[in-house]
Each structure stands twice: as C-alpha cells, then as structure tokens.
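The values are calculated or read from the model by the stated rules, or taken from the named source; none is laboratory data. These figures come from a predicted structure and were not determined experimentally. Glycine gets a Cβ as well: all are built from the backbone with ideal geometry, and neighbour counts include every protein chain shown. Each accessible area value is taken on the protein alone, full model and side chains, heavy atoms only, with ligands, DNA and RNA left out. Shrake-Rupley method; radii C 1.70, N 1.55, O 1.52, S 1.80 Å.
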Amino acid sequence: MNEFEVSQSTDNRLTISLIVMTAAMLLELFSRHFYDIYQGGAMMELLAQVVKTDGFLTVMSIIALCAQVYITGCLWRAFRSKGHWAQWACLVMMIAPVAIMLLSWTTDEESVMQNMENPDISSQQIISAAIGLAEIIAIFSLCVFLIRKCGGRLRQYGLALLTCLLVNYVTSYGILFFHSASTLSGILYNLLGFLLTLIPFVYQRRTMRAAHDLR
C-alpha cells in the first residue's frame with residue numbers, strides 16, 4: 001500500500017478540516033500568549049477579554065479536535081474497507097484524545113489542589129494514564145507497520161508520526177530539567193508543540209488523494 005483513494009467530496013472535506021484545525025490551533029496558541037505579544041490600547045484590551053477567556057480556549061480546542069478526529073476517521077475507514085488490523089490503531093487514536101479531553105473537563109481546580117497535597121494516585125489519574133498508554137501503543141504499532149510494510153505517502157506518514165512522537169517526548173521531559181520561566185521560552189515551547197501536532201496530520205492528509213472517477 002502506498003496511499004488511499006477517496007471521493008472528491010471527501011478529499012475536499014479533508015482539506016477543509018486541515019485548514020480549520022490549523023486555524024483553531026493557531027488561535028489557541030495566540031490567545032495563550034496574547035499579553036506577551038501585545039500590550040496597551042483599548043482595542044487590545046477588548047480583544048484580550050475575548051481571546052483570554054476559558055470559553056474561547058475550550059471552543060478552539062473542540063474545533064481542532066473535531067477536525068483531527070475527522071482526518072483520522074477517514075484513514076480508519078480506508079483501513080477498515082480493506083479489513084486491515086491497522087483500523088483498530090486508528091480507532092484508538094480517534095477515541096483517546098476525546099476521552100482525555102472529557103476527563104480534563106471533570107477535573108476542577110479544587111481536585112487538582114487536593115491531588116497535589118495527597119500523594120495517593122486518584123482513579124481519574126489512573127484512567128488518564130491508561131488511555132495515554134493505549135494511545136502510545138496504538139501510534140507506535142501503526143508507525144512500525146507503515147514504515148516496514150508500506151511505501152510512498154503511507155511510509156512518509158509513519159516516519160513523520162514516529163519522529164514527531166519521539167521529539168515531543170524528548171522536549172516534554174527535557175523541559176523538566178532545563179525549565180525557563182522566560183516569556184520567549186514559553187512561546188517557543190508551545191510553538192514547537194503546535195508544529196509537532198500539525199506535521200503528522202499534514203502527512204496523514206497526504207495519504208488520501210481524490211479519485212475523480214469515484215462518486
């Protein structure tokens with residue numbers, strides 16, 4: 001397998017989903033560092049009241065997640081149509097981010113403070129860790145299959161996904177040892193996270209091309 005053929009309408013929706021996802025993630029990134037980039041001015045203060053609210057961040061996160069789920073869902077359907085086991089890895093990759101987001105909504109500030117004071121691990125943390133572990137196993141299994149058994153754009157997607165996964169974990173753990181409280185380091189770290197999230201979806205989108213004779 002090198003790539004999958006999809007209908008023209010699905011191809012258009014995939015492109016729109018990728019654009020929407022990118023825009024939502026950029027708006028979320030911008031809102032987190034709004035005061036670090038712009039300061040002063042009545043218009044800036046008015047805009048800050050919108051983009052710095054938890055509601056705005058939540059909406060952008062939901063929009064980006066829905067677009068990600070749709071793109072991965074198309075890949076899941078492609079593997080499912082061939083009866084390949086990789087469909088289950090894609091299914092986990094679709095469900096895990098949604099489950100983790102729902103779990104994060106059920107954690108209020110008071111619960112976070114209690115967990116910091118109490119060394120015992122809560123059931124919610126265990127569930128979240130289990131979901132995260134299942135997602136990592138699914139991603140790694142899919143990457144190994146794509147790199148070893150596929151070619152063309154599917155292999156490129158596997159390489160991009162595995163590379164971004166490894167870089168993400170290196171930077172995530174590295175920040176614990178080389179933490180800097182500067183504004184610039186915070187912006188660069190979040191920008192890197194944005195790129196490491198976006199790049200695999202760009203390659204995933206490229207694994208599906210329009211077959212103009214399909215309806």
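Values computed for the structure shown
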{"read-out": "Near pairs, Cβ below 7 angstrom, 6+ apart or cross-chain, from the range 159-177 (modelled with pLDDT under 90) to any residue that is open to solvent by 40 Å² or more (accessible area, probe 1.4 Å) and of a type in the set (Ser, Thr, Tyr)", "value": "Ile175/Tyr189"}
{"read-out": "Subset tally (residues that are open to solvent by less than 60 Å² (accessible area, probe 1.4 Å) and within 12 Å of Pro200 (Cα to Cα)) for the range 120-166", "value": "10"}
{"read-out": "The one condition in (1) open to solvent by 80 Å² or more (accessible area, probe 1.4 Å); (2) modelled with pLDDT of 90 or more that Pro200 fails to fulfil", "value": "(1)"}
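Quick grid of which residues meet (1) modelled with pLDDT of 85 or more; (2) over 24 Å from the mean Cα position of the chain (by Cα); (3) open to solvent by 50 Å² or more (accessible area, probe 1.4 Å); (4) not charged (D, E, K, R):
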residue	(1), (2), (3), (4)
Ala24	yes, no, no, yes
His33	no, no, no, yes
Gly55	no, no, no, yes
Leu103	yes, no, no, yes
Thr106	no, no, yes, yes
Val112	no, no, yes, yes
Asn118	no, yes, yes, yes
